[in-house]
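The values are calculated or read from the model by the stated rules, or taken from the named source; none is laboratory data. If you're wondering where the values come from, they're calculated on a predicted model, not measured in any experiment. Counting neighbours? That spans all protein chains shown, and the Cβs are built from the backbone with ideal geometry, glycine included.
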Amino acid sequence: MTVSKKPVLEVRGLTKNYKSTTAVDSVSFEVRSNEIVGLLGPNGAGKTTTINMILGVLEPTHGSIRIEGRDVALERSEALERTNFAAVYSPLPGNLTVSQNLRIFGLLYNVPDSEKRIEQLLEEFELKQFRNTRCGVLSSGEQTRVSLAKATINRPHLLLLDEPTASLDPSTAQSIREKIKEYAAQGEGGVLWTSHNMYEVTDVCDRVLFLSHGKILLQGDPKTLPGEYKKKNLEELFIMVAREPLLLESM
Amino acid sequence: MSVKRIWAIFVRQLYLIRGTATRFFQIFIWIIVDITLWGFITRYLTGTAGSEFSFTTMFLGAVLLWDFSTNVMQGITMLFFEDVWSRNFLNIFASPLKISEYVAGLILSGIGRSILALIVMFLFAALVFSFSIFGFGASLAAFLLILFLFGIALGVIGISIVLRLGPAAEWLVWPIPAFLSPFIGVFYPLSVLPEWMQFIGHLLPPSYVFTGIREIISGGTFSSSTFFWGFFTSLVYIVLACVIFVGVYRKAVRTGLIARYSAETVT
């Protein structure tokens, strides 16, 4: 995949302290147009905290976040018009139908000609037969597809995906991965993706950032990075990051 | 402010009400129960004490107007609770929606809901108990304005409490109107209250409305000074409520409570 030079997300010195705990510690990175970046790390590493700060629902203690040059702290609404997200822990309201939910988020994200866009999304994510079904009665896979339809409704230039394929069967997960790859390749969007599935990360991501105890310990191409640390694959590297972060910091 | 985003919050309310009969009937079922109860009480009192005193205007009028204010408050809090119950905070607050637009959307929904409730109230009271609220004349508009503004302030304070203390604080919000009614003097003049209760009563805008009702019943008019104090204190409550809500929201963003709301606290 060709990676252009235009950054859609610039994170500089991002820090979040909770009293005596530092959840994210001076993290800096970029996501560029047409690039899929994997944010990896063990549970509690600071991945979701980082995503929450990018989404403007958590205030950083220090540092800055710019989405297409707009500072999230100063121009939150304008920055978020160009952003969207899907997370396994944040399904759409189960008491509204698929099309009602998409219509509401179409208005919230100021989508022009939203009815046409909703029809495209229903087609693209194979949701036509569920348009009048309440989201709460859909299967996990179907709900994930609805979340992704919502996440792409405004054709975001920055798409944040927090474990989008968790709880999906391999076939559905593979189809979702293909859609996201297609999305990143076609438009102007960059994607920040968290996952615990290293096979998936190797397949999808152009670049990965390993986070442990709130710090980025290493980053690089998921296909070549394990070799640089004398590991067979990304999963082995992940285990090393999770179990021996101090060793990596000293390397 | 974006009209489209405010509209999104209102449309969500429409979809929810349209989708479930329970939500639709819940808007006016308690109002009908209240009017029925007080309608029969006033009919009994009028029959017993004679018609020299207008019990119907006094009690039924007061109940109707107080229920209106309560309904405005519930219109705002209910829609907020829908986000709490469906764990929709992250989707809503991670969108471009500004907090002022969210509150404006809740208020717009409160207006829609209270207009519907008001129509049902007027019709039910007129058809079943032959009581016309329009007997208050032009003062009715002033009464409704003060009660509407106070209902909005109560609603915004209610959602601030739940946002700050978590979903379990819902039970603190529902009884707020019942808790305030003894201080407001819905059915009696403030002068019958102990001094400390009178003091609180004078700080609450609806007390000026119910004082006005009694002025009209005793043959007078709703004086402009009573209206002014009711209107002025309502505006003060709205400003205070908005300041509290913005403060609570900012703290929730600082502590991460918005992102992990179901946990109730992150500290």
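Filtered by the rule that a residue be facing chain B (nearest Cβ under 8 Å) and crowded, with 20+ Cβ neighbours inside 10 Å, the stretch A:107-122 gives A:107, A:108, A:109. Take the conditions (1) more than 22 Å from residue A:182 (Cα to Cα); (2) of a type in the set (Phe, Trp, Tyr); (3) modelled with pLDDT under 95; residue A:125 misses just one of them, which is (1).
When residue A:114 is tested against the conditions (1) closer than 24 Å to residue A:186 by Cα; (2) small (Gly, Ala, Ser); (3) in contact (Cβ under 8 Å) with a residue 40 or more places away in the chain, the lone failure is (3). Elements of the type helices (runs of 4 or more DSSP H) sitting completely within the stretch A:127-204 and holding at least 1 residues that are of a type outside the set (Lys, Arg) and under 15 Å from residue A:94 (Cα atoms): these cover A:140-151.
Run down A:44, A:63 and say which single residue is in a strand (DSSP E or B), more than 8 Å from chain B (Cβ to nearest Cβ) and at positive phi.
On the way: A:44 fails: in a strand (DSSP E or B).
It is A:63.
With the condition kept exactly as written, say whether any residue in the stretch B:71-94 is over 23 Å from residue B:204 (Cβ atoms), small (Gly, Ala, Ser), part of a helix (DSSP H, G or I) and away from chain A (no Cβ under 14 Å). No, that holds for no residue. Restricted to the stretch B:166-267, the set of helices (runs of 4 or more DSSP H) holding at least 1 residues that are farther than 27 Å from residue B:134 by Cα comprises B:170-173, B:176-184, B:195-202, B:224-255. Quick one: count up the residues across the stretch A:105-126 that are farther than 28 Å from residue A:195 by Cβ and of a type in the set (A, V, I, L, M, F, W, C). Total meeting the criteria: 1. In the stretch A:14-28, the qualifying residues are those that are away from chain B (no Cβ under 13 Å) and on the phi < 0 side of the Ramachandran plot, and the one that is surrounded by the fewest Cβ atoms within 10 Å (Cβ to Cβ) is A:28. Screening the candidates A:70, A:82, A:76, A:66 for the property of being in contact with a helix residue (DSSP H, G or I) (Cβ under 7 Å, 6 or more places away or on another chain) and among the basic types (Lys, Arg) yields one hit, A:70.
Scanning the stretch B:207-258 for residues that are farther than 14 Å from residue B:159 by Cβ and touching an Asp or Glu at 6+ places or on another chain (Cβ under 9 Å) returns B:221, B:222, B:223, B:226, B:250, B:253, B:254, B:255, B:256.
Annotation note: of A:244, A:228, the sole residue that is of a type in the set (D, E, K, R) and at pLDDT below 85 is A:244. Of the residues A:102, A:138, A:96, the single one that is more than 9 Å from every other protein chain (Cβ to nearest Cβ) and crowded, with 22+ Cβ neighbours inside 10 Å is A:102. How many of the residues making up the stretch B:87-144 are touching a strand residue (DSSP E or B) at 6+ places or on another chain (Cβ under 9 Å) and within 16 Å of residue A:107 (Cβ to Cβ)? The total comes to 4.
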